[in-house]
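Data first, discussion second: the structure below is written as structure tokens.
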Amino acid sequence: MTAFLRNLCRLVDLIVRFCGKAAAYLMPILAFVVAFEVFSRYVLNSPTIWAFDLSLFLFGYIAALGGAYAQQQKAHINVDILYFRVSKKSRAVFNLISWALGVFFLVLIMKLCFGKFEEAIEYDYRRQSEWAPPMFHFWIMMIVAAGLFAAQLGRDMLAELYFLITGQPLIEDTDTDSDDNPDGDNSDKNKDQQTEAAK
């Protein structure tokens, strides 16, 4: 059973990592679109009709699809005034409560976005601009992004539950993405040491 849970967690980590890094490759495309629009507008005096809408879509894709990867790398902002003053098991309880609320919120987002997607297909919703691109793809992306985020939170909740029940980590720190986070979860350990030193 433990092996199955570990493989499940690693599968979620792999998918989230792939999608997060894929979204990062959209950043240079976004930069090129913005630079090209500036050049066309102020140098050629011939602004495009598509650059503004495309840059909005690209930014939305990058921000939304990167949310799950940021959760995986523990890059979201935390209010840790109390968090690092309690035991690891208390932290696990805090995490389970907050992440459960996050999953609930993300499920609502997926439900609402699916409704918006159906409306966009049925009524052919488009951006109110001269280029007027269709909007259905944006809602698909939001469903995928929320689903990835919920899957990552579910994976993290599973690991915390395993720790609460067994007292052992489900996956060791060495299994984290060391290329992007050389310290892995050592940042938490460092904060623990700093807190103890402050006492």
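The values are calculated or read from the model by the stated rules, or taken from the named source; none is laboratory data. Every value quoted in this text rests on a predicted model; they were computed, and no experiment measured them. FYI the Cβ positions are ideal-geometry reconstructions off the backbone, even for glycines, and counts take in every protein chain you see. Each accessible area value is taken on the protein alone, full model and side chains, heavy atoms only, with ligands, DNA and RNA left out. Shrake-Rupley method; radii C 1.70, N 1.55, O 1.52, S 1.80 Å.
Quick rundown of the values:
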| read-out | value |
| --- | --- |
| Degrees separating the helix 2-24 axis from the principal Cα axis of the chain, which is the longest one | 30 degrees |
| Förster radius 45 Å - calculated FRET efficiency between TYR123 and LEU158, Cβ distance, rounded to 0.05 | 0.65 |
| 0 to 90° range, to nearest 10: angle between helix 51-72 axis and the chain longest Cα axis | 10 degrees |
| Max mean-square fluctuation residue, GNM over the chain, Cα-Cα springs under 10 Å, options VAL79, VAL107, VAL33 | VAL79 |
| The chain - percent of accessible surface contributed by carbon and sulfur, probe 1.4 Å | 66 percent |
| Per residue, the convex hull volume that the Cα atoms of the chain enclose (Å³) | 153 Å³ |
| Within the chain: Cβ-based charge dipole about Cα centre, in debye rounded to nearest 20 (Lys, Arg +1; Asp, Glu -1) | 360 debye |
| Residue among GLY154, GLY167, GLY67 with the largest mean-square fluctuation in a Gaussian network model of the chain, springs linking Cα atoms under 10 Å | GLY167 |
| Residue among VAL33, TYR69, PHE94 farthest towards the positive dipole end of the chain, charges placed on Cβ | PHE94 |
| Candidates LEU96, LEU56, LEU106: whichever shows maximal mean-square fluctuation once the chain is modelled as a Gaussian network with Cα springs under 10 Å | LEU56 |
| Theoretical ellipticity at 222 nm over the chain - DSSP helices of four or more residues, -39500 (n - 2.57) apiece, nearest 500 | -25000 deg cm²/dmol |
| Residue-normalised accessible area of the chain, given per residue in Å² at a 1.4 Å probe | 64 Å² |
| Neighbour-limited loop hits for trypsin sites (Lys or Arg not before Pro), segment 46-117 (at most 15 other Cβ within 10 Å; DSSP other than H, G, I, E, B) | LYS74 |
